[in-house]
Amino acid sequence: GGLFCKAFDATSRMFMTFAPPIYLIEPDPTAIGLCLFLADDIDKWCHDRVSIFTGRDCLAQFEAYLREHIERAPPDYCLRLPYGETHVTGEIVKVTQRIARYHSEQARAALIRLRAHYDTIGLNDWAELFSRAADANSIATNKTRPLRIMGMTSRFTTVLQYSMRDLKAAVENLGHEFHILMEPSDHDRSTTADLATRIEACKPDLLFLIDHHRRESPHQIPPNVPFVCWIQDRLPNLMQIDAGKSIGSMDFYIASACAELTESYQYPRSQGMTWTLATNDREYDASPLPESELAHYRCDFSYVSNQSRRPE
């Protein structure tokens, strides 16, 4: 119980809002019962990031759980007390390795099926689909279907997840579908298997990422679906010649200024579009605040960080 509580407290907030899942594996249910009996507070034991597997089949339970929940990444670390049973630790490592292989197989199979699906759609088919979709009257009169667009982002970001949220609102306002793909909770990291299978389930007409090119996710993103990279930041993965050379006929990029990308990093100009950052005016009101509301916040210097507690 002491080891569990220390591990729980030490990982309560590791990066922004991220706190990893904890898998507690104990073959003897009596040991769990004693911990709960001696605990002053059982809230940690009941937390939604804690999963308890106990009994003779605890390892089978653990493996079945991870197979069922492919959105859950296998654990990176295994802790035990010095007098714990070492063979159990060895078996946990074996289970984790099997799950990692299973995730890899699931991702590979989904990607193969996705490639086969998109292989049936040629460049002319894509051009016709997007041309019809750009005509609002065609959608309104059911002459064409709305586009299915998927945006991939992360909940552990300060800005990007909200840019994607506002992009979703803009796309839906035009009458199209927009699905956001990101970690399901503050306790999950994205897994290749989960991303690939969710893309397969959606079969989007367009994939949209911010600050990342297709080449960075070869095991999740098929090479033959239209793809857009919205460049918001000057990151090393973007500001290099290899990034520019990776852009093919199905890749597109959006940037506040395309000239530097084409002149310095060999981005093809035909695939780029200049687009300044925008704000969702349905989410934010641009009208000025009255002085009565601003007076309380007047200061010479202000610093706000989302790494600390939220302001009231």
> Long-range amide H contacts for Ile149: which residues qualify at under 5 Å (H placed 1.01 Å from N, peptide plane, sequence gap of 5 or more or a different chain)?
Replying inline: Glu177, Phe178, His179, Asp205
> Placing +1 at every Lys and Arg Cβ and -1 at every Asp and Glu Cβ, with all other atoms neutral, what dipole size does the chain have around its Cα centre, in debye to the nearest 20?
Replying inline: 820 debye
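Restricting to Cα pairs below 8 Å that are 6+ residues apart, what does the relative contact order work out to for the chain? Please round to a whole percent. Can you show the working numbers first?
Working: 388 pairs, mean separation 45.0, N = 312.
Relative contact order, the chain: 14 percent.
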> If you find the alpha carbon centre of segment 36-68 and of segment 122-192, how far apart are they in angstrom?
Replying inline: 37 Å
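With +1 on the Cβ of every Lys and Arg and -1 on the Cβ of every Asp and Glu, and nothing else charged, how large is the dipole of segment 1-63 about its Cα centre, in debye rounded to the nearest 20? It would help to have the intermediate numbers written out before the result.
Working: 5 positive and 9 negative charges, 39 e Å.
Using Cβ point charges on Lys, Arg, Asp and Glu, segment 1-63 gives about 180 debye.
Just want to confirm a number: the relative contact order over segment 1-137, from Cα pairs under 8 angstrom separated by 6+ residues, in percent. Could you put the intermediate results ahead of the total?
Details: 79 pairs, mean separation 25.2, N = 137.
That works out to 18 percent.
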> Is segment 1-135 best put as rounded, prolate or oblate by its Cα gyration tensor, with a ≥ b ≥ c the root eigenvalues, rounded for a/c under 1.5, and otherwise prolate when a/b is larger than b/c, oblate when not?
Replying inline: prolate
>> Output wanted: per-residue J couplings in Hz (rounded whole) for segment 96-104, from phi through Karplus 6.51 cos²θ - 1.76 cosθ + 1.60, θ = phi - 60°, x for Gly and Pro.
In response: 4, 5, 5, 5, 4, 5, 4, 4, 4
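Okay, helix-only estimate at 222 nm for the chain: each DSSP H run of n ≥ 4 adds -39500 (n - 2.57), divide by all residues, round to 500 deg cm²/dmol; what do you get?
Value at 222 nm, helices only, nearest 500: -11500 deg cm²/dmol.
May I ask you to derive the FRET efficiency for Leu38 and Arg189 from their Cβ-Cβ distance with R0 = 41 Å, giving the value to the nearest 0.05?
On the way: r = 33 Å, r/R0 = 0.80.
For R0 = 41 Å, the calculated efficiency reads 0.80.
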>> Which lysines, if any, have their Cα less than 29 Å from the Cα of Lys203, not counting same-chain residues under 8 positions apart?
In response: Lys143, Lys168, Lys245
> For segment 1-155, with only Lys/Arg (+1) and Asp/Glu (-1) charged at the beta-carbon, what is the dipole magnitude about the Cα centre, in debye rounded to 20?
Replying inline: 640 debye
>> Nearest 10 degrees is fine. How inclined is helix 29-38 to the longest principal axis of the chain, computing both from alpha carbons?
In response: 90 degrees
> Between Glu291 and Lys6, 0.36 nm times their residue separation minus their Cα-Cα distance comes to what?
Replying inline: 97.7 nm
> Under 29 Å Cα-Cα from Lys6, which lysines qualify once same-chain neighbours fewer than 8 residues away are excluded?
Replying inline: Lys44, Lys94
>> Within 10 Å of each candidate Cβ there may be at most 13 other Cβ atoms; applying that plus a DSSP loop requirement, which chymotrypsin sites (Phe, Trp or Tyr not before Pro) in segment 242-312 survive?
In response: Trp275, Tyr284, Phe301, Tyr303
> What nm value, rounded to one decimal, do you get for the distance between Ser154 and Tyr83 when each label is placed 7 Å out toward the C-beta?
Replying inline: 4.2 nm
>> List the GluC sites (Glu not before Pro) within segment 235-307 that DSSP assigns to loop and that have no more than 12 neighbouring Cβ atoms inside 10 Å.
In response: Glu283
>> Sort Val50, Val159 by heavy-atom solvent-accessible area, probe 1.4 angstrom, most to least.
In response: Val159, Val50
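The values are calculated or read from the model by the stated rules, or taken from the named source; none is laboratory data. Since the structure is predicted, the reported quantities are computational estimates derived from the model, not experimental observations. Positions of Cβ are generated from backbone atoms using ideal geometry, with glycine treated the same way; all protein chains shown enter the neighbour counts. Side chains are part of the model used for accessible areas, which takes the heavy atoms of the whole protein and leaves out ligands, DNA and RNA. Shrake-Rupley method; radii C 1.70, N 1.55, O 1.52, S 1.80 Å.
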